[in-house]
1. Kindly list the number of the only condition in (1) in contact (Cβ under 8 Å) with a residue 24 or more places away in the chain; (2) within 26 Å of ALA42 (Cβ to Cβ); (3) surrounded by fewer than 15 Cβ atoms within 10 Å (Cβ to Cβ) that fails for PRO130.
2. Just give me the residues in segment 26-77 being assigned to a helix (DSSP H, G or I), more than 17 Å from LYS138 (Cα to Cα) and basic (Lys, Arg), in sequence order.
3. When you go through TYR135, TYR101 one by one, which is the residue that is at pLDDT below 95, assigned by TED's automatic domain parsing to the domain that holds LEU189 and surrounded by fewer than 21 Cβ atoms within 10 Å (Cβ to Cβ)?
4. Exactly one of these conditions fails for GLY190: (1) in contact with a strand residue (DSSP E or B) (Cβ under 6 Å, 6 or more places away or on another chain); (2) within 23 Å of VAL240 (Cα to Cα); (3) surrounded by fewer than 23 Cβ atoms within 10 Å (Cβ to Cβ). Give me its number.
5. Scan segment 199-215 and give yes if some residue there is free of Cβ contacts under 8 Å to residues at least 60 places away in the same chain, in the same structural domain as GLY37 (by TED's automatic domain parsing) and outside any helix (DSSP H, G or I), otherwise no.
Amino acid sequence: MKKIKLIGFDLDGTLLTSSKEVTTRTRQALRAAREKGVVVLAATGRPYSGMPREIQDFPGICYALTSNGARIIETRTGKVLIEELISLENAKKALEILEKYDTLQEVYFDGVGYVNETKMAEIEKYHHNPYMREYFLKTRNAVPDIREVIERENRAMDKVQGLFADMAERASAWKELEKVDGITLVGSLGYNIEINAAGVNKGKGLVALGELLGIRREEIMALGDGDNDVEMIREVGFGVAMANAEDKVKESADYITDSNDDDGVAKAIEKFVLGGKEAC
């Protein structure tokens, strides 16, 4: 059994099942880890307002890493512990590129996602998965024009995201965005591009939070499945990939657990944190 003091877990494709639920076994494993004094938290690309209420209110979960590490908060107080925002100038450049293509664009300010209401009405064009559509519709603020939100706020933001209807257009947009200095690109869904400030990633965020809490890198365990989890899996002391993870996540991991639909997170926690045998 490893000496793990902090566990960071991705949500979509990792902690959450395909139907966006947290299983009973997973809840029990998280609760048992907390009872052992282990810090547990979501490490997600979602804005804080997009996190499941069950995770926001889970007993003993006191922190949240959101927007790929751009914003890390203490959940009980809402205090921002770590913040690495994309500049207003770079956000505008990114949006100008996204707007050339058939995309749904959104911006995150202070843990809240904003999207144009006309694009929200066409959500089926961009999110083909009904569970993702339901999540999106419940958690985003539809506004007449996100440009007006940006002008009103007139400041740096957590993240910019584009959802693509056409994968060839996504590839073209990615090439254009790569030429913009000062930003980082990932695409956890395969049909999106997530745009953060340069250097922002979940792994860096988890290690920085660990330092604030007096926890060493070697004592941090992370679990993930997608493109935005690669650096997290590489950066922490013990990286766990889901069976359903992308190949590059598996290649970076120290261990591969079962899928998100087969209690993979719970089994890894049981095996490496709670000292039990991973069940078949």
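The values are calculated or read from the model by the stated rules, or taken from the named source; none is laboratory data. Worth saying up front: this structure is predicted, and the values here are computed from it rather than measured. Cβ coordinates were reconstructed from backbone atoms using ideal geometry, including for glycine residues, and neighbour counts include every protein chain displayed.
1. Of (1) in contact (Cβ under 8 Å) with a residue 24 or more places away in the chain; (2) within 26 Å of ALA42 (Cβ to Cβ); (3) surrounded by fewer than 15 Cβ atoms within 10 Å (Cβ to Cβ), only one is false for PRO130: (1).
2. Here is the first cut: in segment 26-77, the ones assigned to a helix (DSSP H, G or I) are 26-35, 48-50, 53-56, 67-69.
Checking which are more than 17 Å from LYS138 (Cα to Cα) leaves us with 26-35, 67-69.
ARG27, ARG31, ARG34, listed by residue number.
3. Working: TYR101 fails: at pLDDT below 95.
When all the criteria are applied, what remains is TYR135.
4. Just one mismatch for GLY190, condition (1).
5. yes
Results for (1) in a strand (DSSP E or B); (2) more than 25 Å from GLU106 (Cβ to Cβ); (3) free of Cβ contacts under 8 Å to residues at least 12 places away in the same chain; (4) not assigned by TED's automatic domain parsing to the domain that holds HIS128, shown as yes or no for each residue.
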site: ARG170; (1), (2), (3), (4): no, no, no, no
site: LEU223; (1), (2), (3), (4): yes, yes, no, yes
site: GLU231; (1), (2), (3), (4): no, no, no, yes
site: ARG234; (1), (2), (3), (4): no, yes, no, yes
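Quick grid of which residues meet (1) outside any strand (DSSP E or B); (2) touching a His at 6+ places or on another chain (Cβ under 9 Å); (3) under 14 Å from LEU189 (Cβ atoms):
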| site | (1), (2), (3) |
| --- | --- |
| GLN105 | no, no, no |
| TYR131 | yes, no, yes |
| TYR135 | yes, yes, yes |
| VAL149 | yes, no, no |
| GLN161 | no, no, yes |
